[in-house]
Amino acid sequence: MTVTGVQWQEFLAGLDYPVSREDLVRWCQENGGSTEMLQMLRALPAEEFASPAELGAALNTLA
C-alpha cells in the first residue's frame, strides 16, 4: 500500500510547525500511523520542517 498525499494531509492535520522529524515519528506512533508511514517519516532527509508545504515536498521525494 502506498500512502497518498491526501492520507498524509488528513493524518498530519493539526500539527504545529516547525516540526522535527523526531516529533513526526512520535505523532505517528501516538496516533495510529501505519508501519509504512513510520518508515517514510524516519527516512525523511531533513531534521526539521518549517511548513506543511516543506514537509509535503520532502515526503514526495520518498514516494
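Each reported figure results from applying straightforward, stated rules to the coordinates on display, with no laboratory input. In this text the structure is predicted, and so the values were computed from the model without any measurement. Reconstructed Cβ throughout: ideal geometry from the backbone, glycine too, with neighbour counts over all protein chains shown.
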*To the nearest Å, what is the center-to-center distance of segment 8-34 and segment 45-63, using C-alpha atoms only?*
12 Å
*What size of dipole, in debye to the nearest 20, comes out for the chain about its Cα centre when the only charges are +1 on Lys and Arg C-beta atoms and -1 on Asp and Glu C-beta atoms?*
180 debye
*By the scheme Lys and Arg +1, Asp and Glu -1, what is the net charge of all other residues having a beta-carbon under 13 Å from that of Val3?*
-2
_Local net charge near Arg21, Cβ-Cβ under 13 Å (Lys/Arg +1, Asp/Glu -1)_ = -3
*Count the net charge of all other residues whose Cβ sits under 13 Å from the Cβ of Glu47, scoring Lys and Arg as +1 and Asp and Glu as -1.*
-2
*What percent does the relative contact order of segment 16-62 come to when contacts are Cα pairs within less than 8 Å and at least six residues apart?*
47 percent
